[in-house]
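What follows is a short report on a single structure.
Rule-based calculations on the coordinates, nothing more; no lab input. Because the structure is predicted, anything quoted here is derived from the model rather than measured. Positions of Cβ are backbone-derived with ideal geometry, glycine not excepted, and every protein chain shown enters the neighbour counts.
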Amino acid sequence: MPSEPNPRLFNLVLAEDNLPDALLVREAVRLENLPLEVYIAADGERAIDLIVKAENDPNAPCPHVLLLDINLPRIDGFEVLRRVRAIDRFKAVPVVMVTSSDSPSDRKEAAKLGARYFRKPVTYDEFMKIGGLLRQLLEEQGLL
Amino acid sequence: MLSFRDIPIKQKLMIVVMVTTTAALLLAGFGIVAADSLLFRGYLQRDLSAVARMVADNSTAALKFNDPESAAETLAALRAKPHVAAACIYGQDGKVFARYLRPDANTQCPPADVRDESRFSADGLIVSRAILLGGRRIGTLVLLYDLGEIAERMRLYSATVLGVLLFSSAIAFPLSSKLRAVIATPISRLAAAATSVSQTGDYSVRAQKLSGDELGVLVDRFNEMLAGIQSRDGTLRTVLRDREEALRDAEKARERFRFLAESMPQKIFTATPAGDRNYFNRQFTEFTGLCFEQIENWGWTQAVHPDDVEADVRAWRRSIATGEPYHFQHRLRRADGVYRWHLTRAHAMRDAHGDISMWIGSNTDIHEQKETEEELRRANEDLQQFAYSASHDLQEPIRNVAVYSEIVAKRYSHLLDAEGLQFLGFLTEGGRRLITLINDLLTYTRAGLIEGKMTTADASAALQHALASLAEAIRENNATVTYDKLPQVSMGESHLQQVFQNLIGNALKYRSETPPQIEISAAYHGGAWRFSVRDNGIGIDAPYKEVIFGVFKRLHRDQKYGGTGIGLAICQRVVERYGGRIWVESSLGKGSTFFFTVPEYAVRTQSAAV
């Protein structure tokens, strides 16, 4: 099914080590018909690499939205977020923490670092709601 | 020498009587003599003037006829008056014409005077009288009367007065001796009684009343005064005796306290209302290895761990200022330098007026307890961490199973036969159920932990939040929920909300045919708030009243009543964690009432932060 040609594509960096979840995010983007290219980093280190490369290499994809799992191998999602926020260019980039955790301390930490919180639901329909959240974020940024 | 003021009343009275008597008699005698003297002189002048007139008249012829001898004879007749010392007749020429001089009187003719007069001179009374013939003065008669008679009378009178004085004194002295006793005796008795009281201190002595006069009144008043003093003295003695007894009792109480303090395993101290510690029992000095002089007043602070001492002193000062009990956990240095955790408590003792009379305190060694608590806290934290990790790590694969079996059902169901679809249904449902169980288990673990610092919850607010979460179920079941105004309680609000939510949720779930009616109320009783959640549901059979609080215990396998069976276990865990208790009163088909209590000051049996 060929997608309609889109004059402008934005970049979504998803830090997620669980491929089934990553695929669900990709499905949500597709279902919502969002102009987003999804880059998947399987651990925190690779996520940081992607972002740092974007800062230094003009040809590298520049992330417009970040989705971070908290419990990531090597470097956890919060640490990734802290390093991103330390870069001037990404101080205001929209970030959503996507996690199975329901811990109040995790929710608090996310709010402190200026990130939305999306608890991974246990049903397909619920999971697809992340598409709506992403649309909202892009609209807030004036990208849609 | 005794002055008049100091001599005894008896003598004083005698002197007063004698002096008064003598003075009165002397004054009377002097008056009588003086009056008599004046009267007698007047009488003498008149008498002698009459004699002189008579002699002058008789001498007119002798002078006319110049017959001195006849004149001398006339004068000589004055011999009959023995006190006439001289009588002379002067002629017109002023020379003595005739004279009579009493032989024994050593005197001359007094000088003639032209006036008729009588006057007293140093020699005596002189009387002059003109000798007239046909109204013409032809000579002068002069008489001299000596005053020997007056002097004699004076002597006589003086002697009489003296005699009367002596006689009356002789009578008055013994008489006054008798009479003075009437006054002096009662006074002496009174004085003797007063002396006796002052010397013996015996206020039961009474003075004898001998008369009804002022002295009698004085004795009465004196006796009344003694009676008053005697009664007050008695009261005073009673008060003093009571006071001595109280002092003895206080001393005994002090001794008992010391004995108790010395024989207790705890370290005991006392302090003044100002907070200066003034007693430490042996256990304290032995533990710290410091002597009393080193730790008295504020010296004990040197045995407190440097990290604890500031807060400790602050807490102690606050208690002293407010009078509120002092509770503090701090480390005390043992004699060997090892610090051990102690719980120090002190309470103010107050007197009858409510003022603080002293502080009594104790230091209890809680080192082992503290270490156990610390271990427990760490274990809890580990458990908590494990629960979260387990939740996350278990949920992820299970979620994959659940969501992807759903996707398979959606997209690939046409490739499966009826049995395959049923098995896929088992897979989906099993995955969801496992997720719910894991979440419930996590909630149950968290229910046992008190989050953060001890807080108070507004039960009304907690109930409102619970009702908001259940709004949909309430509407679907057409349920009526009524509640009273609920109190503030010592409990985390999210925990209270959870308890309400589970109990009300159960009431909605286990409903009967009639629309659910749920009633929530609270009552204070025995230091705790007792909440109740009453419903008109299916009720619980007596044998299961305890079982239902167990983990994953369910009475119904029916699809109608979904859930993992952990809701009441969570309620019990929360309530018991705050020192309360939960139970149910119910009978099958008649609804249930769940009760739970929250102590006013909840006991924290365990502490850990989430």
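Using alpha carbon centroids, what distance separates segment A:101-144 and segment B:389-436, in Å?
Here the answer is 24 Å between Cα centres.
Could you work out the local net charge near residue A:49, counting Lys and Arg as +1, Asp and Glu as -1, over the other residues with Cβ closer than 13 Å to its Cβ?
Surrounding charge for residue A:49 is 0.
For chain B, what is one quarter of the convex hull surface built on the Cα atoms, given in nm²?
Convex hull of Cα atoms, orientation-averaged projection: 72.4 nm².
Quick one: P(r) of segment B:315-470 from all Cα-Cα pairs, 5 Å bins, percents rounded to integers, in order of increasing distance.
In whole percents, the pair-distance histogram is 2, 7, 9, 9, 9, 10, 10, 9, 8, 6, 5, 4, 3, 3, 3, 2, 1, 1, 0.
Give me the Kirkwood hydrodynamic radius of segment B:281-406, using the inverse of the mean 1/r over all pairs of distinct Cα atoms, in Å to one decimal.
That comes to 18.2 Å for segment B:281-406.
Could you work out [θ]222 nm for chain B from helices alone, using -39500 (n - 2.57) per DSSP H run of at least four and dividing by all its residues? Round to the nearest 500 deg cm²/dmol.
Mean residue ellipticity, 222 nm, calculated: -18000 deg cm²/dmol.
What are the extents of the Cα atoms of segment B:1-140 along their three principal axes, in Å, largest first?
Result, largest extent first: 84, 31, 24 Å.
At what distance in angstrom do the alpha carbon centres of segment B:479-502 and segment B:20-72 lie from each other?
145 Å
Counting Lys and Arg as +1 and Asp and Glu as -1, what is the net charge of the other residues whose Cβ lies under 13 Å from the Cβ of residue B:245?
Result for the local shell: +1.
Sort B:435-442, B:273-280, A:63-70, A:95-102 for me by packing, meaning the mean count of neighbouring Cβ atoms within 10 Å per residue, highest on top.
In decreasing order of mean packing, B:435-442, B:273-280, A:63-70, A:95-102 become A:63-70, A:95-102, B:435-442, B:273-280.
Over the alpha carbons of segment B:233-325, what is the largest minus smallest coordinate on each principal axis, giving the biggest first in Å?
62, 30, 22
What per residue convex hull volume, in Å³, comes out for the protein assembly as shown when only alpha-carbon positions are used?
524 Å³
What Kirkwood Rh does segment A:1-129 have if only Cα atoms enter the pairwise 1/r average? Answer in Å.
Across segment A:1-129, the inverse of the average 1/r is 15.1 Å.
Return one quarter of the surface area of the convex hull spanned by the alpha-carbon atoms of segment B:123-250, equal to its mean projected area, in nm².
Convex hull of Cα atoms, orientation-averaged projection: 19.2 nm².
Could you please rank B:590, B:553, placing first whichever residue has the fewest other Cβ atoms within 10 Å of its Cβ?
So the ranking, lowest neighbour count to highest, is B:590, B:553.
Within a Cβ distance under 13 Å of residue B:51, other residues only, what is the Lys/Arg minus Asp/Glu net charge?
Local charge sum for residue B:51: +3.
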